[in-house]
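The values are calculated or read from the model by the stated rules, or taken from the named source; none is laboratory data. Bear in mind that the values here come from a model prediction, so they are computed numbers and not experimental data. Here the Cβ positions follow ideal geometry from the backbone for every residue, glycine too, while neighbour counts run over all protein chains shown.
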Amino acid sequence: MADSSAYTPPKIWTWNKENGGRFANINRPISGPTHEKDLPVGRHPMQLYSLATPNGVKATVMLEELLELGHSGAEYDAWLIQINQGDQFSSGFVAVNPNSKIPALMDRSGPEPIRVFESGAILVHLAEKFGAFLPTRQPARAECLSWLFWQMGSAPYLGGGFGHFYAYAPTKIEYAIDRFAMEVKRQLDVLDKRLGESEYLAGDEYTIADIAVWPWYGGLAKGLLYEAGEFLQVQEYKNVIRWTDAISERPAVKRGRMVNRGWGEPSSQLLERHDASDFELKTQDKLAAQS
């Protein structure tokens, strides 16, 4: 165990730019834009500004699922926001999301554009707009929203807690890793027990609760987050693995994961999405590389 007396908090905290680790160049204790730059606007009703992190994937999967159902009004342009380069601090992005986090959506389908920020709010907005993936009757609606907001409250312990201290912190702190690993294991147990009761989180139907939870906990189960699957023994959670694998096979999920992605296999990347044919071109590239 590390010596807990090694650091004594000062009476007044001050910002030390040199102590921010991997993300020191973008983390800061103030909000607002750092530079003037307008956001691009495409031809579709939905304009998404994002990156294929777990939170960003929620939005692109939702839009692709809606299109899969035939909702043409969900056609969208997905613009890449490079958070490591500070794109989220442009004046245009801050106007859409004053919190400077991805994803951010501008719904231009009506007479006045509507800004929607925070991934959960985007999922609810789109679900209500198109009447899909959110039950209208109780108790299914309450169950769906409960698991959606469970994810909002729980994932920071996985990402900013465990993920940061396990994968990104400039120094490894045993107490911090143990604390958040314990919490993530507890969360996986919560999910596993629920998914032992029903096929999906809200019941028998796939909903925005699954769309919200899958990129984080499904990503962890598939070894896509922090390379921590063995460390956390995620294979123990058989129901989570079953649910993760089933969702992974959905065509809309496969497409949504590609959008605004700039890492991994080239065939899995689609930096921007402006038309459904963009995926077809990537598929052709993949087949050509295999031949």
So Ile208 passes all but one of these: (1) surrounded by fewer than 16 Cβ atoms within 10 Å (Cβ to Cβ); (2) among the hydrophobic types (A, V, I, L, M, F, W, C); (3) under 18 Å from Trp150 (Cα atoms). Which condition number does it fail? (1)
Going by the structure shown, is Thr14 among the β-branched types (Val, Ile, Thr), more than 27 Å from Ala276 (Cβ to Cβ) and in contact with a helix residue (DSSP H, G or I) (Cβ under 6 Å, 6 or more places away or on another chain)? no
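Looking at Arg261, Arg255, which is the one that is under 17 Å from the mean Cα position of the chain (by Cα), at pLDDT 95 or above, buried (at least 18 other Cβ atoms within 10 Å of the Cβ) and not in a helix (DSSP H, G or I)? Talk me through it step by step, then tell me what you get.
Values: Arg255 fails: not in a helix (DSSP H, G or I).
Only one candidate passes the filter, namely Arg261.
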In the list Tyr226, Tyr206, which residue meets the criterion of being in contact (Cβ under 8 Å) with a residue 12 or more places away in the chain, more than 30 Å from Gly131 (Cα to Cα) and touching a helix residue (DSSP H, G or I) at 6+ places or on another chain (Cβ under 8 Å)? Tyr226
Single residue of Leu126, Leu66 found to be in a helix (DSSP H, G or I), farther than 17 Å from Met152 by Cβ and more than 14 Å from the chain's Cα centre (by Cα): Leu66
Condition test on Gly110, is it free of Cβ contacts under 8 Å to residues at least 12 places away in the same chain and within 22 Å of Glu128 (Cα to Cα)? yes
Going through region 88-121 in order, the residues found to be in a helix (DSSP H, G or I) and either on the phi > 0 side of the Ramachandran plot or under 17 Å from the mean Cα position of the chain (by Cα) (or both) are Gln88, Ser119, Gly120, Ala121
Find all pairs meeting these conditions: Cβ atoms under 8 angstrom apart; at least six residues apart or on different chains; first residue within region 14-36 and in a loop (DSSP other than H, G, I, E, B); second residue of a type outside the set (A, V, I, L, M) and modelled with pLDDT under 70. Ala24/Glu18; Asn27/Gly20
Residues to consider are Ser154, Ser146, Ser198; find the one that is outside any helix (DSSP H, G or I), surrounded by 13 or more Cβ atoms within 10 Å (Cβ to Cβ) and on the phi < 0 side of the Ramachandran plot. Ser198
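May I ask you to verify whether Ser50 is in contact with a helix residue (DSSP H, G or I) (Cβ under 6 Å, 6 or more places away or on another chain), under 25 Å from Pro156 (Cα atoms) and either in contact (Cβ under 8 Å) with a residue 12 or more places away in the chain or among the basic types (Lys, Arg) (or both)? So that I can check it myself, show each step before the final result.
On the way: in contact with a helix residue (DSSP H, G or I) (Cβ under 6 Å, 6 or more places away or on another chain): yes; under 25 Å from Pro156 (Cα atoms): yes; either in contact (Cβ under 8 Å) with a residue 12 or more places away in the chain or among the basic types (Lys, Arg) (or both): yes.
Considered against the rule, which asks whether it is in contact with a helix residue (DSSP H, G or I) (Cβ under 6 Å, 6 or more places away or on another chain), under 25 Å from Pro156 (Cα atoms) and either in contact (Cβ under 8 Å) with a residue 12 or more places away in the chain or among the basic types (Lys, Arg) (or both), Ser50 comes out as yes.
Could you check region 268-291 and list, in sequence order, the residues that are at pLDDT 90 or above and either more than 22 Å from the chain's Cα centre (by Cα) or outside any loop (DSSP other than H, G, I, E, B) (or both)? Please lay out each step first, then the result.
Filtering region 268-291 down to residues at pLDDT 90 or above leaves 268-279.
Listed by number, the residues that qualify are Ser268, Leu270, Arg273, Ser277, Asp278, Phe279.
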Residue count for region 93-143, restricted to those that are of a type in the set (Lys, Arg) and surrounded by 20 or more Cβ atoms within 10 Å (Cβ to Cβ): 0
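Just wondering, is there one or more residues in region 62-82 that are among the hydroxyl-bearing types (Ser, Thr, Tyr), in contact with a Leu (Cβ under 6 Å, 6 or more places away or on another chain) and buried (at least 16 other Cβ atoms within 10 Å of the Cβ)?
Taking region 62-82 as the starting set, the residues that turn out to be among the hydroxyl-bearing types (Ser, Thr, Tyr) are 72, 76.
Now restrict to residues that are in contact with a Leu (Cβ under 6 Å, 6 or more places away or on another chain): 76.
Okay, now just the ones that are also buried (at least 16 other Cβ atoms within 10 Å of the Cβ), so 76.
So far as region 62-82 goes, yes, one or more of its residues are among the hydroxyl-bearing types (Ser, Thr, Tyr), in contact with a Leu (Cβ under 6 Å, 6 or more places away or on another chain) and buried (at least 16 other Cβ atoms within 10 Å of the Cβ).
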Go through region 157-195 and give me each residue that's of a type in the set (Asp, Glu) and surrounded by 17 or more Cβ atoms within 10 Å (Cβ to Cβ). Asp192
The one condition Ala59 fails out of (1) more than 22 Å from Ile211 (Cβ to Cβ); (2) not in a loop (DSSP other than H, G, I, E, B) is (1)
Looking only at region 2-41, and only at residues there that are surrounded by 10 or more Cβ atoms within 10 Å (Cβ to Cβ) and among the hydrophobic types (A, V, I, L, M, F, W, C), the one that is modelled with the lowest pLDDT: Ala2
